[in-house]
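Colleague: First the structure, which I've put down as structure tokens, then a few questions once you've had a look.
The values are calculated or read from the model by the stated rules, or taken from the named source; none is laboratory data. Being a predicted model, the structure only gives us computed values, none of them experimental. Methodologically, a virtual Cβ is constructed for each residue, glycine included, from the backbone with ideal geometry; neighbour enumeration extends over all protein chains shown. Only protein heavy atoms, including side chains, enter the accessible area calculation; ligands, DNA and RNA are left aside. Shrake-Rupley method; radii C 1.70, N 1.55, O 1.52, S 1.80 Å.
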Amino acid sequence: MQPLMKALCVHSHRFLVRGAEVLTPRGGHYGIWSRYLGAFDEVEVVGRPLPRGARETARLAANGPGVTFTLVSDIFADVPGLPSRLREVRERLRERLRSSDALIANNTTMGLIAAGLATELSVPTMLEVIGAPGSSYWNHGSFAGRLLAPLEEIRSRRAIKRADFVSYVTQEFLQRRYPTDGRSIASSDVELPPLSPAVWDAREAKIGDGTVKEIGLIGGLDLKYKGLDVAFEALAILVADGWDLTLRVVGDGDSAHWRRRASALGLAERVRIEAPLTTMEEVVAWMDEIDLYIQPSLTEGLPRAVLEAMSRGCPVVASDVGGLPEILPSAVLVEAGKPAALAKTIVGLIDDPEALRARGRENLEIAKRFESEALDARRSAFLREFRVFAEQQG
């Protein structure tokens, strides 16, 4: 008889505890954590509390049978209290690891701290590599971020190198940057429903004569590396050239800065900042409304939103960073941080209905490789292999 096994999952997600319920925005719902129950008997998730101003976005259940939660302080809530919060988080993670049989963590700050402690405690470790921390911190937009960037990059390289199992969201980019001596798999963390022929029929009808009115972008408003400033400046160029376009931005965080920025560029009536999308149904409906999706990020792993747009047959223009060149052709990739190049590439699509159709059709075909059914099978097999390894180490 197999022993009961508990996995500690340390991620960057935020949660709201309301009585016996644990609620979350879209990224950390119960369906995500139940994946791990296919290999482990119990899962404990370590996350951060949701900020007071974002609590209305927590509409999905995160907890359920076999999944429990521990919330720890937000390490970077403010500078003066950082040392004490760091000590507190380390001790809490150490405590939870001692009662766990395995660690599954992503390569964010808290996940890397947990990975270091797991090495000290000889807890088998699987890391999910979702991005490049050094680049993310460098492009965060703050002086503190630039100070932390080299440290986080070194810590990520070291942790991934020595991890027992590693799951990368890219096919090649993150593997080259963060090689490992452990067993590895390439598996995006996107969730895509089955894609029917009706998806392309609807998109082709929407493209029609090629008229483009609405451009979409999903990205945290507090994350400078998502390239919102680049998108705004590109839109200003397009509007000045006579294009009748609206930019719809979806993301959590403080929108005041971006509303002021839009006004300063004369785009107050051209930019719509919208609340985060919670369910896949909301994402699908939103993607079906827009004519073109852009991802002008300064750094990325493999952004889920791009694959979600592609899965609706939506044409996409993106920066040439991270894993984006693995799924998009060079014709729709631009150098990061270049608004004029972004505007020029957008014009190349919206001025050519046949190009819009070709890109949309190709995107849908590529997205089929990322349908949940196929990805889930590969993820599950890798997790079961990790459980067997953890049993052997115990």
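Colleague: Give the number of residues within region 310-338 that are within 16 Å of Ile366 (Cα to Cα), part of a loop (DSSP other than H, G, I, E, B) and open to solvent by less than 30 Å² (accessible area, probe 1.4 Å).
Modeller: The number of residues fulfilling the criteria is 7.
Colleague: Examine region 224-231 for a residue that is under 16 Å from Glu289 (Cβ atoms) and open to solvent by less than 30 Å² (accessible area, probe 1.4 Å), and state whether such a residue exists.
Modeller: No, region 224-231 contains no residue that is under 16 Å from Glu289 (Cβ atoms) and open to solvent by less than 30 Å² (accessible area, probe 1.4 Å).
Colleague: Additional query: With the structure loaded, tell me whether Ala305 is at pLDDT 95 or above and within 14 Å of Asp189 (Cα to Cα) or whether it fails that test.
Modeller: In short, yes.
Colleague: Can you confirm whether Ser142 is more than 18 Å from Ala105 (Cβ to Cβ) and touching a Leu at 6+ places or on another chain (Cβ under 8 Å)?
Modeller: Working: more than 18 Å from Ala105 (Cβ to Cβ): yes; touching a Leu at 6+ places or on another chain (Cβ under 8 Å): no.
So Ser142 fails the test.
Colleague: Another question about this same structure. Would you check if Glu365 is free of Cβ contacts under 8 Å to residues at least 12 places away in the same chain, of a type in the set (D, E, K, R) and either assigned to a helix (DSSP H, G or I) or in contact with a Cys (Cβ under 9 Å, 6 or more places away or on another chain) (or both)? Can you show your working first?
Modeller: Numbers: free of Cβ contacts under 8 Å to residues at least 12 places away in the same chain: yes; of a type in the set (D, E, K, R): yes; either assigned to a helix (DSSP H, G or I) or in contact with a Cys (Cβ under 9 Å, 6 or more places away or on another chain) (or both): yes.
Answer is yes for this residue.
Colleague: Next question, about the same structure. Whether any residue in region 248-256 is under 19 Å from the mean Cα position of the chain (by Cα), among the hydrophobic types (A, V, I, L, M, F, W, C), surrounded by fewer than 19 Cβ atoms within 10 Å (Cβ to Cβ) and closer than 26 Å to Asn107 by Cβ is what I want to check.
Modeller: no
Colleague: Continuing with this model, one more query. Just to be sure, is His11 touching a residue at least 12 places away in the same chain (Cβ under 8 Å) and open to solvent by 20 Å² or more (accessible area, probe 1.4 Å)?
Modeller: Taking the combined requirement at face value, the residue does not satisfy it.
Colleague: Would you mind finding the one in Phe76, Phe15 that is at pLDDT 90 or above and aromatic (Phe, Trp, Tyr)?
Modeller: Phe15
Colleague: Here's another thing I want to ask about it. Go through region 101-177 and tell me which helices (runs of 4 or more DSSP H), entirely inside it, have 1 or more residues that are surrounded by 24 or more Cβ atoms within 10 Å (Cβ to Cβ) and touching a helix residue (DSSP H, G or I) at 6+ places or on another chain (Cβ under 7 Å). Don't jump to the end; show me each part of the working.
Modeller: Working: elements: 109-121, 133-138, 143-162, 173-177.
Qualifying helices (runs of 4 or more DSSP H): 109-121, 133-138, 143-162.
Colleague: I'm checking my understanding of the structure. Among residues of region 363-385 that are in contact with a Lys or Arg (Cβ under 9 Å, 6 or more places away or on another chain) and surrounded by fewer than 16 Cβ atoms within 10 Å (Cβ to Cβ), which one is farthest from Phe40 (Cα to Cα)?
Modeller: Among them, the one singled out is Ala374.
Colleague: Which residue pairs have Cβ atoms closer than 6 Å, lie 6 or more positions apart in sequence or on different chains, and pair a first residue in region 73-95 that is farther than 18 Å from Tyr137 by Cβ with a second residue that is of a type in the set (Phe, Trp, Tyr)?
Modeller: none
Colleague: Within region 180-269, considering only helices (runs of 4 or more DSSP H) that don't extend past its boundaries, which have at least 3 residues that are in contact with a strand residue (DSSP E or B) (Cβ under 9 Å, 6 or more places away or on another chain)? It would help to see each step written out before you state the result.
Modeller: Values: elements: 197-207, 228-240, 256-264.
Output list reads 228-240, 256-264.
Colleague: Here is a further query. Looking only at region 287-302, which residues are assigned to a helix (DSSP H, G or I) and either open to solvent by less than 10 Å² (accessible area, probe 1.4 Å) or modelled with pLDDT under 95 (or both)?
Modeller: Met287
Colleague: Looking at Ala234, Ala275, which is the one that is small (Gly, Ala, Ser) and open to solvent by 10 Å² or more (accessible area, probe 1.4 Å)?
Modeller: So the residue among Ala234, Ala275 that is small (Gly, Ala, Ser) and open to solvent by 10 Å² or more (accessible area, probe 1.4 Å) is Ala275.
Colleague: If you don't mind, there's one more thing I want to ask. Take the residues in region 14-27 that are at negative phi and of a type outside the set (A, V, I, L, M, F, W, C); name whichever of them is least open to solvent (accessible area, probe 1.4 Å).
Modeller: The selected residue is Thr24.
Colleague: Just to verify a result, which residue in region 22-44, among those that are free of Cβ contacts under 8 Å to residues at least 40 places away in the same chain and of a type in the set (Asp, Glu), is nearest to Gly64 (Cα to Cα)?
Modeller: If we take residues in region 22-44 being free of Cβ contacts under 8 Å to residues at least 40 places away in the same chain and of a type in the set (Asp, Glu), then Glu42 is nearest to Gly64 (Cα to Cα).
Colleague: Need the failing condition index for Thr125 against (1) over 20 Å from Gly394 (Cβ atoms); (2) at pLDDT 90 or above; (3) under 22 Å from the mean Cα position of the chain (by Cα); (4) among the hydroxyl-bearing types (Ser, Thr, Tyr), just the number.
Modeller: (1)
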